[in-house]
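The values are calculated or read from the model by the stated rules, or taken from the named source; none is laboratory data. Everything quoted here is computed from the prediction, not taken from an experiment. Please note: Cβ atoms are built from the backbone with ideal geometry, for glycine as well, and neighbour counts cover all protein chains shown. Each accessible area value is taken on the protein alone, full model and side chains, heavy atoms only, with ligands, DNA and RNA left out. Shrake-Rupley method; radii C 1.70, N 1.55, O 1.52, S 1.80 Å.
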Amino acid sequence: MSDSIHYLPIMLDCRDQDCLIVGGGKVAERKSISLLQAGAVLTIISPTVTPKLQQLIDQQQIRWHDREYQSGDIANRVLSDEKLSEFGYRPYFLVHAATSVPEVNNQVANEARSYRIPVNVAHQREQSTFINPNVIRRGRLTIAVATSGAGPLAGRQIAKEINQHFGNEYEMYIDFLYHLRETIATQVSDESLRKSLLHQAMSLSILEDIRQGVFEPWTEQQIQHWINQSIEQLDY
């Protein structure tokens with residue numbers, strides 16, 4: 001077990017970040033959709049693309065270089081002067097190597113690593129510096145499942161079981177908690193009191209009410225009343 005990799009789980013903010021995918025097949029399509037949903041600025045290098053990718057390109061959601069990958073594509077980027085880094089280019093935020101040619105994928109990975117750019121290589125975990133987990137989403141709730149090399153089938157099966165446990169009620173529940181937390185943050189300046197109120201919020205029966213179909217979203221007045229009442233109970 002000593003050769004196992006212990007990955008560091010993180011959530012990346014990809015909004016307006018330049019990301020690169022080398023490849024234009026189904027794997028590249030899946031990764032493209034995920035990156036676009038995360039708000040990334042996406043470039044694809046590939047002589048061919050899937051019909052779905054072509055549609056996204058036609059809609060100007062993706063920049064496409066219609067050719068094979070060339071050595072230096074990661075490093076030798078030329079953008080407007082205000083975006084140039086001290087090295088003369090603005091490096092990519094993330095890189096995906098998703099071609100059907102292992103040699104090309106390795107070339108992409110080696111170049112990305114040389115510039116310390118996180119890179120994922122399709123079907124070659126050992127060449128990747130990050131992996132894409134299976135993801136379950138319920139609105140603001142994101143659950144990621146990774147098996148650290150045990151295989152994608154195991155990950156998908158476990159994700160399927162988790163998906164069955166966390167129903168659509170969690171989307172409404174997490175939205176409620178988010179709105180309540182934002183209101184507390186803007187109206188309560190004392191940090192310890194804010195933490196106490198958030199602990200109080202977790203004891204509410206909101207999730208069960210949603211499951212029973214009896215929950216009604218709180219108005220601003222109801223939220224304010226709950227905050228005031230809870231502060232009194234906490235004896236602040």
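Taking Cα atoms, how many degrees apart are the long axis of helix 152-165 and the longest axis of the chain, rounded to 10 and kept between 0 and 90?
Compared with the principal axis, the helix lies near 20 degrees.
Mean 1/r over all different Cα pairs, inverted: what Kirkwood radius does segment 1-78 give, in Å?
13.8 Å
Restricting to DSSP H runs of at least four residues, report the calculated mean residue ellipticity at 222 nm for the chain, -39500 (n - 2.57) per run over all residues, nearest 500 deg cm²/dmol. Show your work: numbers first, answer last.
Working: 8 runs with 98 residues, N = 236.
Value at 222 nm, helices only, nearest 500: -13000 deg cm²/dmol.
Rounded to two decimals, what ratio of Rg to Rh does segment 100-162 give with C-alpha atoms and a Kirkwood Rh? Kindly include the intermediate steps, with their values, before the conclusion.
Details: Rg = 14.0 Å, Rh = 13.1 Å.
Here the Rg-to-Rh quotient is 1.07.
Taking the DSSP beta bridges in the chain as the whole, what percent of them are antiparallel, to the nearest 5?
Antiparallel bridges make up about 25 percent of those DSSP assigns within the chain.
Quick check for you: with a 1.4 Å probe and neighbouring chains kept, what is the accessible area per residue of segment 1-68, in Å²?
With the other protein chains kept in place, segment 1-68 gives 63 Å² per residue.
How big is the C-alpha Rg of the chain next to the rule-of-thumb value 2.2 N^0.38 Å, as a ratio?
1.30
With N set to the number of residues, divide the alpha-carbon radius of gyration of segment 111-236 by 2.2 N^0.38 Å and report two decimals.
On the way: Rg = 20.6 Å, N = 126, 2.2 N^0.38 = 13.8 Å.
Rg over 2.2 N^0.38 Å, computed on Cα atoms: 1.49.
Just grab the label-to-label distance for Q70 and T48, each label 7 Å out from Cα along the Cβ direction, in nm (one decimal).
2.2 nm
Just to check I understand the Karplus step: with θ = phi - 60° and J = 6.51 cos²θ - 1.76 cosθ + 1.60, what whole-Hz values come out for segment 121-127, glycine and proline as x?
Computed from phi, the couplings for segment 121-127 are 10, 4, 6, 9, 4, 5, 8 Hz.
In whole angstrom, and with the biggest value first, how far do the Cα coordinates of segment 140-203 range along each principal axis?
On the principal axes, segment 140-203 reaches 48, 24, 18 Å in Cα extent.
Over segment 120-225, what percent of the accessible surface lies on carbon and sulfur atoms, probe 1.4 Å?
49 percent
Around E103, what is the net charge, scoring Lys/Arg as +1 and Asp/Glu as -1 over all other residues with Cβ under 14 Å from its Cβ? Each step should come with its number before you reach the end.
On the way: positive: none; negative: E68, E111.
Once all neighbours under 14 Å are counted, the net charge is -2.
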